[in-house]
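Read the structure below first, then the notes.
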Amino acid sequence: MARIAVVHGPNLNLLGVREPGIYGTATLAEIDRVLESEAAALGVEVECFQSNSEGRILDYLAEVRERADGIVINPAGLGHTSVALLDGLLAVNRPFVEVHLSNPYRREGFRRRSFLTPAAAGLVAGFGVDSYISGFRCLCGVLARQAGADS
């Protein structure tokens, strides 16, 4: 059974109260529950993690490397600023999908560049909670194709 780690970056613990006009009203706990339900329906395991600390996220990625087949990551603001996060994902050597609740290309110019996107299997942005669900499903497809190629 495939196992997917979901990493929520800085300030996502404030979902539901933080700028609901941009990020929606769903809480992080609600997003995690939706992903757990999706995982059960798809026959995969999911493990969710959130931190406001770049260092803790990097530590988690190094740790989860041993048990995750792929990663869904909402890097939040770190996507625009962190070469260290990119290096951490590359070091884990697992396919990852970058997700964002909002559409960075409809926002401030500095949000339009992500250090992660060129290395990601894909990017899903601008669909609120559905960005997570779509990214999760797409990563499951990537993992299934890899498993088929490895057989």
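Things to note:
- The set of residues from the stretch 18-40 being among the hydroxyl-bearing types (Ser, Thr, Tyr) and under 21 Å from Gly77 (Cβ atoms) comprises Tyr23, Thr25, Thr27.
- Any chance Asp130 is under 19 Å from Gly9 (Cα atoms), more than 15 Å from the chain's Cα centre (by Cα) and either at pLDDT 95 or above or of a type in the set (Gly, Ala, Ser) (or both): no
- Residue tally, condition outside any helix (DSSP H, G or I) and among the aliphatic types (A, V, I, L, M), over the stretch 2-29: 8
- Test: residue in the stretch 29-44 that is touching a Lys or Arg at 6+ places or on another chain (Cβ under 8 Å), under 29 Å from Ala144 (Cα atoms) and among the basic types (Lys, Arg): no
- Contacts under 7 angstrom Cβ, first residue in the stretch 130-151 being within 30 Å of Thr27 (Cβ to Cβ), partner surrounded by fewer than 19 Cβ atoms within 10 Å (Cβ to Cβ) and of a type in the set (Phe, Trp, Tyr), 6 or more apart: Ser134/Phe127
- Scanning the stretch 129-151 finds one or more residues that are surrounded by 14 or more Cβ atoms within 10 Å (Cβ to Cβ), touching a Leu at 6+ places or on another chain (Cβ under 6 Å) and more than 18 Å from Gly79 (Cβ to Cβ).
- Long-range neighbours under 6 Å by Cβ, at least six apart or interchain, first residue closer than 16 Å to Leu143 by Cα within the stretch 35-56, second loosely packed, with under 12 Cβ neighbours inside 10 Å and not polar (S, T, N, Q): Glu45/Met1
The values are calculated or read from the model by the stated rules, or taken from the named source; none is laboratory data. No experiment lies behind these values; they were computed from the predicted model shown. Because the Cβ atoms are built from the backbone with ideal geometry, glycine has one as well, and the counts that use them run over all protein chains shown.
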